[in-house]
Amino acid sequence: MTDRLSARAFLTLVTDDSTFTELPYPARLAKPDGPLAWQGYDASRARAAERTGESESVVCGTATVTGTPAVLIAFEFGFLGGSLGERTGDRLEAAYTYAREHRLPVVPLVATGGSRMQEGMLALTQLQRVAHQSALTRETGLPQIAVLRDPTTGGGWATLGAGADVILALPDAQVGFAGSRVRPPDADPTAYTAQAQLAAGAVDAVVQPEELRETLGRWLGLLTSPAQEVPLPASLGTATGLPATGWAAIHRARSPERPRAQAYLDAYFTDRVRISGDRCGGTDPGMLCGFGARDGRTVAYAAQTGTATRPAGYRTAARLIRLAGRLGVPVLTLVDTPGAANDAEAERQGAGAAIADVFAAVAAARTPVTTLVIGEGGSGGALALAAPGNTWATPDSYFSVIAPESAAAILKRPPTQVEATADQLRLRPQDLLELGVIRGIV
């Protein structure tokens, strides 16, 4: 299997030819059979070294990936199951430190069973050490892109893997906090796969081995080339002029012929990659989030697709906006939703908290956020994604405090009064401009 390649073979798979240079490693005074004097530990390490040609479970160095330089951390699973011990921690800390000093992104290529039992709690505390290094790197605005190989379990998954900004995984890789030998006997093994983690919102993409270098290179290139501002997209709608009435605006925005977010993203970006999932167990196909190339520089995007937005969609958008802020990338949001999902399941999934999270992310954004309303702007579920003072609208859109049908129902008006209610709500693009809700009409 490709994902069971040695550390160095896997590095050859993902890096440009002859560009990998191994970093020097810190020296640590060896104790007989390790810090716990675990009988036979030295012999186990010696056998592992002879079998793999490595002196520890990670190989760290610099290389370019389709032209973008990075620090890469490749796990050698053949060395005691890719487990983390004190000397592993030394190497990881040195690699992260080098990355910060030289302003390089970090790419962990993870294949590990977890912490090394023969070093006891001293091995387990390396996870805190790794988490600290990852946090320092995050604070300096450097991206971390993890590649999950087979297996990625235990503390390695819970730090280097799940703690990365973007997570790619190889097909059928075993991914989960619990390794195969310590799970409940009745545990469903399909829940511990890369595909299951993708479905649960914990992984951004499952990538075929032969596509990994190109995919990783695209991610690295985009996350290290931020734009300074967001050029406003042009309207793709075919409607001429502005809607004469509120109900005409509703009719235009709800038209099945009106272009949706996918068409806008295709027209706006020359290349783009997508993040997926809220890292809390959910995904929402009605919210498209990611990074794209526009005029050779990177803009992040969060786009509603015309459906009622689920809590997972809001949490994914908030994750995207905060990540873009850390990396210095401006954000484009496309608003198009009849409103937030309001079914019982959405409430159980924390709809209110998820919407609040997006409001907070936009309000505290470190980089410019530009919004274009391209269709329906349904109440707070749409407003959460809109940039205060920098929201624009297309001629085939509307923005309203509530849908006219719902407003009429609340006011106990008959259905025949829905159209008149739409006019009263002043939801047309030209109304919004006059009221100062939007900056302009595209």
Please state which one of Ala162, Ala191, Ala196, Ala135 is in contact (Cβ under 8 Å) with a residue 40 or more places away in the chain and not assigned by TED's automatic domain parsing to the domain that holds Gly325. Ala162
If you scan the range 413-442, which residues turn out to be among the aliphatic types (A, V, I, L, M), under 15 Å from Gly377 (Cα atoms) and assigned to a loop (DSSP other than H, G, I, E, B)? Leu427, Val437, Ile438
Scan the range 200-235 residue by residue and report those that are touching a residue at least 40 places away in the same chain (Cβ under 8 Å) and either among the charged types (D, E, K, R) or in contact with a Phe, Trp or Tyr (Cβ under 7 Å, 6 or more places away or on another chain) (or both). Asp204, Arg213, Glu214, Arg218, Leu222, Leu223, Glu229, Leu232, Pro233
Is it the case, given these coordinates, that Gly377 is closer than 30 Å to Leu236 by Cβ and out of contact with any His (no Cβ under 8 Å at 6 or more places or on another chain)? yes
Among the residues listed as Pro143, Pro171, the single one being modelled with pLDDT of 95 or more and over 16 Å from the mean Cα position of the chain (by Cα): Pro171
In the range 70-119, what residues are of a type in the set (A, V, I, L, M, F, W, C), under 25 Å from Lys31 (Cβ atoms) and in contact with an Asp or Glu (Cβ under 7 Å, 6 or more places away or on another chain)? Phe79
Qualifying positions in the range 239-257 - assigned to a loop (DSSP other than H, G, I, E, B) and either surrounded by fewer than 22 Cβ atoms within 10 Å (Cβ to Cβ) or among the hydrophobic types (A, V, I, L, M, F, W, C) (or both): Ala239, Thr240, Gly241, Leu242, Ala244, Thr245, Arg254, Ser255, Pro256, Glu257
With respect to the numbered conditions (1) surrounded by 20 or more Cβ atoms within 10 Å (Cβ to Cβ); (2) at pLDDT 95 or above, which one is the sole condition not fulfilled by Gly156? (2)
Flagged in the range 179-227 as of a type in the set (S, T, N, Q), in a loop (DSSP other than H, G, I, E, B) and either modelled with pLDDT of 95 or more or within 25 Å of Thr283 (Cβ to Cβ) (or both), in numbering order, are Gln208, Thr224, Ser225
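Taking helices (runs of 4 or more DSSP H) that fall entirely within the range 269-379, which contain at least 2 residues that are closer than 30 Å to Gly176 by Cβ, touching a residue at least 24 places away in the same chain (Cβ under 8 Å) and basic (Lys, Arg)?
Numbers: elements: 311-327, 344-348, 351-363.
In the range 269-379, 311-327 are the helices (runs of 4 or more DSSP H) which contain 2 or more residues that are closer than 30 Å to Gly176 by Cβ, touching a residue at least 24 places away in the same chain (Cβ under 8 Å) and basic (Lys, Arg).
Out of all the residues in the range 238-267, which are among the hydroxyl-bearing types (Ser, Thr, Tyr) and either touching a Phe, Trp or Tyr at 6+ places or on another chain (Cβ under 8 Å) or farther than 27 Å from Ala318 by Cα (or both)?
In the first step, residues of the range 238-267 are kept if they are among the hydroxyl-bearing types (Ser, Thr, Tyr); the result is 238, 240, 245, 255, 264.
Hits for the range 238-267 are Thr238, Thr240, Thr245, Ser255.
The values are calculated or read from the model by the stated rules, or taken from the named source; none is laboratory data. The structure displayed is predicted, hence computed values, not measured ones. Cβ coordinates were reconstructed from backbone atoms using ideal geometry, including for glycine residues, and neighbour counts include every protein chain displayed.
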